[in-house]
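Enquirer: Supplied in structure tokens, the structure appears directly below.
The values are calculated or read from the model by the stated rules, or taken from the named source; none is laboratory data. Quantities reported herein were computed from a predicted structural model and do not represent experimental measurements. Because the Cβ atoms are built from the backbone with ideal geometry, glycine has one as well, and the counts that use them run over all protein chains shown. We work out accessible area using only protein heavy atoms, side chains counted, and drop any ligands, DNA or RNA first. Shrake-Rupley method; radii C 1.70, N 1.55, O 1.52, S 1.80 Å.
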Amino acid sequence: MADDAAAAVSVPERTSIPSGDDSVWADVSPLLESACKDLRDGELIHGDNFNLFAAMSALEIMDPKMDSGIVCKYYSIDEAIENGAAPVPISINKTVDVQCTIDIMDHLLACEATWHKGHSLAQTVFSCIYLLRPDRTSSHALLHSYCRVIRATCKAVISVVSDARTHEEDDLFTMAYGLPLDGDGDEKCLSLLNAVEETISRQLRACKAPSSRRRVLEDMEPLQTNLDLEEGYCKALLCRLRFRKHFYHALTSMRRPQGRGLELARKHIATCISELDCIYRSSDFLRSSACGTSEDGIENRTTASGCQPIGFDASLNCRLSAPTPPRAIKILSWKKLLLVQDGKLYGRDSMFTVITRAAVLPEVAKNHDVQKNEYFVQLGQLVINMLKILCTNAAWQRRKLGKMLQDWRVMYVQLELAFRKEFGEVSRIPEDENVCVKIFQHILLWVEEQTYWIASRFLILGFELELYSPSEYCMVYWYMYVVLIKLSEKTHLKMAAKNDMGKRKGKKKRDSAKDVAREYRIPPAVLFLQCQICLAEGLTMMLAALRNEHMILQSRNPFNTEQERFIQHFELLQKACIPDHVSFHSFRESTTYARLSTLVMYNYFKDAQRIAKEAKSSFSNDPDKLAELRKIEQVAEHNSIALNVISRVGALDPTLKASFEFSHHPYFATAVVKRS
Amino acid sequence: MERKNEEEETETGKSELDASQIEYVSYGGEHHLPLVMSLVDQELSEPYSIFTYRYFVYLWPQLSFLAFHNGKCVGTVVCKMGQHRNTFRGYIAMLVVIKPYRGKGIATELVTRSIKVMMESGCEEVTLEAEVTNKGALALYGRLGFIRAKRLFRYYLNGVDAFRLKLLFPCPDLYPSLPMIANKDESYSHNDHIPHEECCELHQHL
């Protein structure tokens, strides 16, 4: 067999692949052919660690769907450069050079945004040949400084995301695969950028100065040769450079420990947003001064001018970056990118909202010895994990929140046991320990409240992710209803306990009628939950009534029943007993007797409207909460009307059908009544 | 592992073709393999090597079915089953019906046959992934009792999200009684059993 192999090998005369010092290329096609003839259809070579399952990973060489090594245009980056794919300078004509540089900047920004959305770095930002060979651009100050900042920014973003550990192992986002992210001297990118910015600022001042002064500034070489376009190009460049500078500053500020840089980061982000606005507004000028752009397809272009950028080739990296498949990806269009930015870093929820949520932790506990208790340490860790999870994309977030439920439940039980162990006999507690008891109770309530909050978020995210089919809405709203009831209960208790503690500090005040009244007024947060409860209950009953009166099509499945689907959807909640005593049968019992006529009489939607109205007065300083209350009111109003229409006319007109759409609220549906 | 289904079951199908004219055959051997491969290759964009097909049809031939019309293969389903963590479950890997034959319930019939074999073989559940944009597949599986258990962010290489669809078979003693957590109230009942009559009724439908 070995002899046969030697005979079959032939030394190639000429290949396009250069041989290295230790390697020689040999053509083995004849060998492979004879090997194929030896096996019949259906036969497979078995090895110790090679079976059918392993065989599935096989690639077919030269199959364009699988073989990412297939040469598209250039075999290597060097070949591309030799063929003029990324010239430096881009053009001898300075005006064209500037125009093209701006195009490269715009396209890189679009690539960066595409990367943030989840594509690989290799096929987005590093499809830029200029970035792949950092030293080539050193003679072109503008391009060079910009490339350095891009590399440094990408590196910083990867570090931040990695440190926060909010990504999954195979997340494309953080994989660099040997791409040149560590450019030599990239840390000095800002000083380079500042120098370039300074030069262009002076060029801008020079071109705007009246001709009399211009003689003084004559030693200032203009940016490019067409004086009419000088101002426009200078401005276009400046806003792009400044955006990059402030974005990088925002990143470095956010990386400062203990959250010290957050306020500064916020300011940088605000500047970024205003610079983005300038960038957007520069597009008219750039399009008009660009040569040969048609109006067609302008929406999908990745540059402000509408011209194709020079120096990009996504296929060059295929071989360098291990698992990137031979697939073209679509870079975000320029317009979409600018609308997407709006202050959300990494496309995820703002860090600030996430951190404010953490600040809800009871203040009192912070300085007490009780912190040293091991359970409190675990609780702290649980909270941090939850915050990290809240920073991730909705799909991942929901999965992780669901899994967390049991941890929170166990946490509660452990704390409760620890509490009983410490303070078994309430009557014999000395004055000092009384405070400890209060803290413990407060924390227990807080843990329960958080648990139900996570449960409600888990259910709500299902709507955003489109996990529920309309035939499942009834059971989902029912479960939301039972969870929200518990949540509002715990929230209310927690607030009452807080008030209690507040009163005990300081001198005892005589109970005035006003104090008593204030005590019994329902806190706004609870009111907010209550109107949601009414909506959830209303929707549950309406859907159930429609089904009971055969106005909604419910087909029977051949393989399972509604019970299996209930079990599947709420498995994680049931496992964690959130809430207790809740099952498919309690769902059935609650909904079997729902009838439209009863619902009209006892109208949950009207309740929701009433409570929402009351709640609005307490939230006058909170525009977000007000907006949401208005949405709730709209859903309630529309559903109330729909309910009336169906109950009056439905029985007489069988063509009347109700469908449920999310037209006013992201997760509370509005009933739409139509004739089919 | 990913699976792709580009089946579109529209409500308005051409009624020239009678459902009884379709012949359904269980995977019979090597002679069926090229038919399965060419159908899948032609309709789906994911690249599969021949080994992928062999893996499924060699190890679980009883789970793959082909649909013929006048001797021509017009549709196929390829599946597997096995122990996954602590459940025994079926997995639908590929489902294809060629365009002119869509909308006639062929895909539903292919999948139904496969699921029946899985159920009879002791599977507790069946699972698959489908693109969130594949309305036809989602409707088909929804009608069979599958729920969308999870959304998988950017599951497919082209960046599209996927749903993990799961069908849970009814079974009285499937769920372990509830936790380990000490609870004051002893008298809770969680996973209630299906009343016996309902269970029988289900089997009768099949």
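Enquirer: Please state which one of A:578, A:552, A:611 is of a type outside the set (Asp, Glu), touching a helix residue (DSSP H, G or I) at 6+ places or on another chain (Cβ under 7 Å) and modelled with pLDDT under 90.
Expert: Answer to the selection: A:552.
Enquirer: Oh, and also: Which members of region B:72-123 meet the condition of being of a type in the set (Ser, Thr, Tyr) and part of a strand (DSSP E or B)?
Expert: B:76, B:87, B:91 - these are the residues of region B:72-123 that are of a type in the set (Ser, Thr, Tyr) and part of a strand (DSSP E or B).
Enquirer: Please work out which residue is most open to solvent (accessible area, probe 1.4 Å), limiting yourself to region B:122-132 and to residues that are away from chain A (no Cβ under 11 Å) and over 22 Å from residue B:62 (Cα atoms).
Expert: B:131
Enquirer: Which of the following residues is among the β-branched types (Val, Ile, Thr) and over 18 Å from residue A:196 (Cβ atoms): A:96, A:88? Even if it seems obvious, please write down each step before you answer.
Expert: On the way: A:88 fails: over 18 Å from residue A:196 (Cβ atoms).
Only one candidate qualifies: A:96.
Table: residues versus (1) at pLDDT below 85; (2) open to solvent by 40 Å² or more (accessible area, probe 1.4 Å); (3) in contact with a Pro (Cβ under 8 Å, 6 or more places away or on another chain).
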position: A:4; (1), (2), (3): yes, yes, no
position: A:38; (1), (2), (3): no, yes, no
position: A:41; (1), (2), (3): yes, yes, no
position: A:55; (1), (2), (3): yes, no, no
position: A:85; (1), (2), (3): no, no, no
position: A:93; (1), (2), (3): no, yes, no
position: A:105; (1), (2), (3): no, no, no
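Enquirer: If you don't mind, there's one more thing I want to ask. Determine which single condition residue A:667 fails, assuming it passes every other condition in (1) in contact with a Ser or Thr (Cβ under 9 Å, 6 or more places away or on another chain); (2) under 20 Å from residue A:525 (Cα atoms); (3) of a type in the set (Ser, Thr, Tyr).
Expert: In the conditions (1) in contact with a Ser or Thr (Cβ under 9 Å, 6 or more places away or on another chain); (2) under 20 Å from residue A:525 (Cα atoms); (3) of a type in the set (Ser, Thr, Tyr), residue A:667 misses (1) alone.
Enquirer: Can you tell me which of A:648, A:565, A:588, A:630 is within 11 Å of another protein chain (Cβ to nearest Cβ), assigned to a helix (DSSP H, G or I) and open to solvent by 50 Å² or more (accessible area, probe 1.4 Å)? Working first, answer last.
Expert: Working: A:648 fails: within 11 Å of another protein chain (Cβ to nearest Cβ); A:565 fails: open to solvent by 50 Å² or more (accessible area, probe 1.4 Å); A:630 fails: within 11 Å of another protein chain (Cβ to nearest Cβ).
Within the list A:648, A:565, A:588, A:630, the selection yields A:588.
Enquirer: If you go through region A:607-625 one residue at a time, how many are touching a residue at least 12 places away in the same chain (Cβ under 8 Å), basic (Lys, Arg) and surrounded by fewer than 16 Cβ atoms within 10 Å (Cβ to Cβ)?
Expert: Within region A:607-625, residues that are touching a residue at least 12 places away in the same chain (Cβ under 8 Å), basic (Lys, Arg) and surrounded by fewer than 16 Cβ atoms within 10 Å (Cβ to Cβ) number 1.
Enquirer: Any idea which of A:240, A:244, A:255, A:266 is open to solvent by 10 Å² or more (accessible area, probe 1.4 Å) and either under 21 Å from residue A:125 (Cα atoms) or at pLDDT below 75 (or both)? Before the answer, list the steps.
Expert: Details: A:240 fails: open to solvent by 10 Å² or more (accessible area, probe 1.4 Å); A:244 fails: open to solvent by 10 Å² or more (accessible area, probe 1.4 Å); A:266 fails: either under 21 Å from residue A:125 (Cα atoms) or at pLDDT below 75 (or both).
Selected residue: A:255, the only one of A:240, A:244, A:255, A:266 that is open to solvent by 10 Å² or more (accessible area, probe 1.4 Å) and either under 21 Å from residue A:125 (Cα atoms) or at pLDDT below 75 (or both).
Enquirer: For region A:25-75: of the residues being touching a residue at least 60 places away in the same chain (Cβ under 8 Å) and hydrophobic (A, V, I, L, M, F, W, C), which is farthest from the other protein chains (Cβ to nearest Cβ)?
Expert: So the residue we want is A:72.
Enquirer: With the structure loaded, tell me whether residue A:599 is surrounded by 14 or more Cβ atoms within 10 Å (Cβ to Cβ) and under 14 Å from residue A:541 (Cα atoms) or whether it fails that test.
Expert: Answer is yes for this residue.
Enquirer: What about residue A:559, is it among the aromatic types (Phe, Trp, Tyr), assigned to a helix (DSSP H, G or I) and closer than 23 Å to residue A:468 by Cα? Explain how you work it out, then say what you get.
Expert: On the way: among the aromatic types (Phe, Trp, Tyr): yes; assigned to a helix (DSSP H, G or I): no; closer than 23 Å to residue A:468 by Cα: yes.
Spelling it out, it is not the case that residue A:559 is among the aromatic types (Phe, Trp, Tyr), assigned to a helix (DSSP H, G or I) and closer than 23 Å to residue A:468 by Cα.
Enquirer: For region B:82-121, what are the residues that are within 14 Å of another protein chain (Cβ to nearest Cβ), surrounded by 15 or more Cβ atoms within 10 Å (Cβ to Cβ), over 16 Å from residue B:144 (Cβ atoms) and of a type outside the set (Gly, Ala, Ser)?
Expert: Hit for region B:82-121 is B:94, nothing else.
Enquirer: List pairs: first in region A:130-151 and open to solvent by less than 30 Å² (accessible area, probe 1.4 Å), second polar (S, T, N, Q), Cβ under 6 Å, 6+ apart or cross-chain?
Expert: Matching pairs, first to second residue: A:130/A:137; A:142/A:101; A:143/A:101; A:143/A:137; A:144/A:137; A:144/A:138; A:147/A:137.
Enquirer: I'm checking my understanding of the structure. Among residues of region B:25-47 that are facing chain A (nearest Cβ under 8 Å) and without any contact (Cβ under 8 Å) to a residue 24 or more places away in the chain, which one is surrounded by the most Cβ atoms within 10 Å (Cβ to Cβ)?
Expert: This residue is B:47.
Table: residues versus (1) at pLDDT below 90; (2) touching a helix residue (DSSP H, G or I) at 6+ places or on another chain (Cβ under 8 Å).
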{"site": "B:22", "(1), (2)": "no, yes"}
{"site": "B:41", "(1), (2)": "yes, no"}
{"site": "B:53", "(1), (2)": "no, yes"}
{"site": "B:67", "(1), (2)": "no, yes"}
{"site": "B:82", "(1), (2)": "no, no"}
{"site": "B:95", "(1), (2)": "no, yes"}
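Enquirer: Please work out which residue is nearest to the other protein chains (Cβ to nearest Cβ), limiting yourself to region B:135-152 and to residues that are open to solvent by 20 Å² or more (accessible area, probe 1.4 Å) and in contact (Cβ under 8 Å) with a residue 60 or more places away in the chain.
Expert: B:139
Enquirer: Right, another one. Within region A:394-408, can you find the residues that are buried (at least 20 other Cβ atoms within 10 Å of the Cβ) and within 8 Å of chain B (Cβ to nearest Cβ)?
Expert: Scanning region A:394-408 gives A:395, A:398, A:399.
Enquirer: So which of A:221, A:230 is modelled with pLDDT of 80 or more, open to solvent by less than 30 Å² (accessible area, probe 1.4 Å) and over 22 Å from residue A:108 (Cβ atoms)?
Expert: Only one candidate qualifies: A:230.
Enquirer: Pairs needed: first member in region B:153-169, at the interface with chain A (Cβ under 7 Å from one of its Cβ atoms); second member anywhere, surrounded by fewer than 20 Cβ atoms within 10 Å (Cβ to Cβ) and small (Gly, Ala, Ser); C-beta distance under 9 Å; at least 6 residues apart or different chains.
Expert: B:153/A:118; B:153/A:394; B:154/A:118; B:158/B:45; B:159/A:118; B:166/B:149
Enquirer: How about region B:48-64: which of its residues are touching a Cys at 6+ places or on another chain (Cβ under 9 Å) and away from chain A (no Cβ under 14 Å)?
Expert: B:63, B:64, listed by residue number.
Enquirer: Ok, one more. Right, residue A:595: facing chain B (nearest Cβ under 7 Å) and not aromatic (Phe, Trp, Tyr) or not?
Expert: Taking the combined requirement at face value, the residue does not satisfy it.
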